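Colleague: Before I ask anything, here is the structure I am working with.
The values are calculated or read from the model by the stated rules, or taken from the named source; none is laboratory data. Note that the coordinates shown come from a computational prediction; the quantities given were computed from them, not determined experimentally. Note: ideal-geometry Cβ built from the backbone for every residue, glycine included; neighbour counts use all protein chains shown. Quick note on the areas: whole protein, heavy atoms, side chains included, nothing else; ligands and nucleic acids left out. Shrake-Rupley method; radii C 1.70, N 1.55, O 1.52, S 1.80 Å.
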Amino acid sequence: MKPTLTALGGGFRAEIQSLRRSRLLIVLTIAEAVTFLMLVSIFGLIGNHVPTAVVNRDGGKLADQWVQEMSATYHTYGVRYMDARSAEQALAQGDVAAILWIPAGFSQHMAHHTMIRIHFVVDNVNADLTNEVELGIPPAARAFAVTNHFPGIRVLTAEKDLVRHEVGFIPYLVVSALALAAFVVAGTLAASAVAREFEARTLAYIKLSPMHPLVPLAGRLLATGAVSAAAVGVAAVLVIAGYGVTPDHPAALAVVIFSCIGAGIGTLVRRTLPLSALIFGLALAFYLDSGSLEPARFYGNNLWVVAHTSPVYYAVGILQYAVHGLQVTPETIGVNFAALIGWALLAAGAAWLGLRRAVVT
């Protein structure tokens, strides 16, 4: 037992020393985890708090209330009060995406339940964003009418919450990003550690060791897992501190599982150069079809079935439960853990067979 631990520790120390000689790689690893967090945050903020100029020519209480409803409904609009000239200049320069003109007499018309036109000008430089901005007006108008008990409201919603609290889109998104960061960082480092053994042809020397050749490699994977956990931990701290997301339950990230998958990829590819492109490509596909943006069951049956082939799908389910207390997959948390462990065993088995064949031959 002691020789095995000695060999395992030797591999661990060797990989740590290798990483210490590549301090830039460690910095880039941490930056990579944080970059993914920022990337999905920016993606999620599209269509939220769109800078909107409000030219209020009424100044009444109901006009102010209308603007408040605009700001609060789905967080679509980031309201900026401006005069007419400043608003037009801001729209022409691209500083705002829309202008809402509240005419004089608005509050009086609303108080007497008579119709008045509100002009809403939207920059149509991007059709998708234009649609997002325009779609925010009807819900705001309905909320305004319901609050003031206006007649003629044909549609009233009655909500019954299935969970004890609501989670905003951005808090949901950044937690899912941690699963993606764990996959990319842990997978890349583990795959690189294994691929380097093939490129440097050190497996031939490891075979001469009295200890099993795979033990030192396991030590190297432990080292890459530790560094990956630290990098993802930095991203997790940013999620907690920057977004005010507080975990409901303690949970370990899927660094170990993704390290095993990375080891399997490294054994298959055996070269460090194409690894980053391959793992990044897999990460984007896994991320988009894993329930990272919303529960995958909302995608439709076909995509939902495909999502089950992604380890990130199960990791997102575990993390959303751990942080927000949400069960976003029909599968229980225990099943999600079992699926991730299955992925780890499958990848570790593939890596072991590939390395064993390389060592024997």
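Colleague: Of these, Thr114, Thr52, which one is at pLDDT 80 or above, among the hydroxyl-bearing types (Ser, Thr, Tyr) and surrounded by fewer than 17 Cβ atoms within 10 Å (Cβ to Cβ)? Steps first, please.
Modeller: Details: Thr52 fails: surrounded by fewer than 17 Cβ atoms within 10 Å (Cβ to Cβ).
Being at pLDDT 80 or above, among the hydroxyl-bearing types (Ser, Thr, Tyr) and surrounded by fewer than 17 Cβ atoms within 10 Å (Cβ to Cβ) holds for just one of Thr114, Thr52, which is Thr114.
Colleague: Here's a check for you: in the stretch 312-339, which residue that is out of contact with any helix residue (DSSP H, G or I) (no Cβ under 8 Å at 6 or more places or on another chain) and under 18 Å from Phe169 (Cα atoms) is least open to solvent (accessible area, probe 1.4 Å)?
Modeller: Ala322
Colleague: For the stretch 75-97, how many residues are modelled with pLDDT of 85 or more and surrounded by 15 or more Cβ atoms within 10 Å (Cβ to Cβ)?
Modeller: Total meeting the criteria: 7.
Colleague: Can you tell me which residues in the stretch 292-311 are open to solvent by less than 10 Å² (accessible area, probe 1.4 Å), modelled with pLDDT under 75 and in a helix (DSSP H, G or I)?
Modeller: Answer for the stretch 292-311, where residues must be open to solvent by less than 10 Å² (accessible area, probe 1.4 Å), modelled with pLDDT under 75 and in a helix (DSSP H, G or I): just Ala296.
Colleague: Filter the stretch 63-74 for residues that are in contact with a helix residue (DSSP H, G or I) (Cβ under 8 Å, 6 or more places away or on another chain) and crowded, with 18+ Cβ neighbours inside 10 Å and give the result.
Modeller: Ala63, Trp66, Glu69, Met70, Thr73
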